[in-house]
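Structure, as structure tokens:
The values are calculated or read from the model by the stated rules, or taken from the named source; none is laboratory data. A quick note: this is a predicted structure, and the numbers were derived from the prediction, not measured. Neighbour counts are summed over all protein chains in view; Cβ atoms, including those assigned to glycine, are modelled from backbone coordinates with ideal geometry.
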Amino acid sequence: MITINEERFKEVFGLIFSAYRARSFGFANTHADNLGPQKLFKPKCVQFGDKDHLYWLTLVALSDRRTNSTMLYRNFARMFNRNKKLFIRGYYPSHPKMEKLFRTYKIAVPVSDIALFLERKKHLDELFNGNPLSIYVGVKNVDDLLKKVRRIAKQNGVKNPFPGAKEKIFTLLAMFLTELTDLQFDDLVPIDVWVQAISSSAGVLVGEGQIKFRILERSLRPLMRDLFPEFKAVAGASNATWVQGKSMCTHCARLDMKGICPISAICGPFRRMRNPSSGKHYGYIEVPSDFVPKGSNPC
Ligand code: SF4
């Protein structure tokens, strides 16, 4: 059985956010500004923070699986820039046309996701007036937001307004929107694969065995909600764990991270579980029975 060491969570992620704030370790050169796809890409025809930018950003974020965000945001930006009708609320191209656009702009999503894209656009327009901020009106955290979305869905006879989008995506979208507007929201750090893997590698998870991503996500979110306010005023701080994962953890297996990673003394080896037969990352975090986190008392 796996449980969460809350003190260790505070220590591990407090060090990461503090390093981000101080622009120390690997954050000296790598920040949300030069790594975050939401900062690097936008359609040329929109201004940062204008209503079309927020609309575009929402439709990309709802399609984001963060497998290759850089390509996704860049190609979505090109597609919208050259097909401005996509900004029109109430405009829904036919599925074959949308499929052709996705192919032309090399947006690599499963074919079924193209129908979902149109569905999300329609629901954003019809249920939230085409304004992503309306999704967040009257709610303070992602749990309340999901209840609100379900309630609106029921009232309008819709099964799921934003199919494919779960807690992590609504948190990611809140993170983007707070960078561009005065939206106030309590969940701003997505409990993504990086937060989960760092928790595993740095001894936040205690015990042994497997835990499903979704269950772990739900356990870690309240802890992140409590920890993050101290760093909220730092521009881009909600991106810190993603920047950490993307720019540091990915290299951890082959580089010495001392001096680069703010928690190298208490973390490692880095472990993202792969399915033994397919070799793909899969929906569990596993803590082996012989795992002793660095900097902890092995007894
Ligand atoms: S020690 Fe490695 S795995 Fe752990 S946080 Fe640092 S870079 Fe990531």
For the condition more than 9 Å from the ligand (Cβ to nearest atom) and within 21 Å of V60 (Cα to Cα), what is the one hit in L177, L220? L177
On the basis of being buried (at least 22 other Cβ atoms within 10 Å of the Cβ) and either outside the structural domain of L54 (by TED's automatic domain parsing) or out of contact with any Asp or Glu (no Cβ under 9 Å at 6 or more places or on another chain) (or both), does S201 make the cut? yes
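Report yes if L180 is touching a Ser or Thr at 6+ places or on another chain (Cβ under 9 Å) and either surrounded by fewer than 22 Cβ atoms within 10 Å (Cβ to Cβ) or not hydroxyl-bearing (S, T, Y) (or both), otherwise no.
no
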I'd like the residue in segment 109-152 that is at pLDDT below 95 and more than 20 Å from the chain's Cα centre (by Cα) and, out of all such residues, is surrounded by the most Cβ atoms within 10 Å (Cβ to Cβ). I114
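Quick grid of which residues meet (1) assigned to a helix (DSSP H, G or I); (2) closer than 15 Å to L124 by Cβ; (3) of a type in the set (D, E, K, R); (4) touching a residue at least 24 places away in the same chain (Cβ under 8 Å):
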site	(1), (2), (3), (4)
K44	no, no, yes, yes
Y55	yes, yes, no, yes
L72	yes, no, no, yes
M79	yes, no, no, yes
Can you report the number of residues in segment 239-257 which are assigned to a loop (DSSP other than H, G, I, E, B) and within 9 Å of the ligand (Cβ to nearest atom)? 5
Please count how many residues of segment 228-238 are part of a loop (DSSP other than H, G, I, E, B) and touching a Ser or Thr at 6+ places or on another chain (Cβ under 9 Å). 1
Odd one out for I16, checked against (1) in a helix (DSSP H, G or I); (2) among the β-branched types (V, I, T); (3) surrounded by fewer than 21 Cβ atoms within 10 Å (Cβ to Cβ): (3)
For the subset of segment 153-191 comprising residues that are of a type in the set (G, A, S) and assigned to a loop (DSSP other than H, G, I, E, B), which member is modelled with the highest pLDDT? G157
Just one of (1) outside any loop (DSSP other than H, G, I, E, B); (2) modelled with pLDDT under 95 trips up K106, so point out which. (1)
Suppose the filter is part of a loop (DSSP other than H, G, I, E, B) and either β-branched (V, I, T) or within 16 Å of the ligand (Cβ to nearest atom) (or both); does T30 pass it? yes
V139 is checked against (1) assigned to a helix (DSSP H, G or I); (2) under 30 Å from F231 (Cα atoms); (3) of a type in the set (A, V, I, L, M, F, W, C) and fails just one. What number does that condition carry? (1)
Picked from segment 207-218 (must be more than 13 Å from V142 (Cα to Cα) and crowded, with 18+ Cβ neighbours inside 10 Å), the residue modelled with the highest pLDDT is L216
What's the total number of residues in segment 136-167 that are among the basic types (K, R) and touching a helix residue (DSSP H, G or I) at 6+ places or on another chain (Cβ under 7 Å)? 1
Looking at (1) at pLDDT 95 or above; (2) surrounded by fewer than 13 Cβ atoms within 10 Å (Cβ to Cβ), which one does R89 not meet, given that it meets all the others? (2)
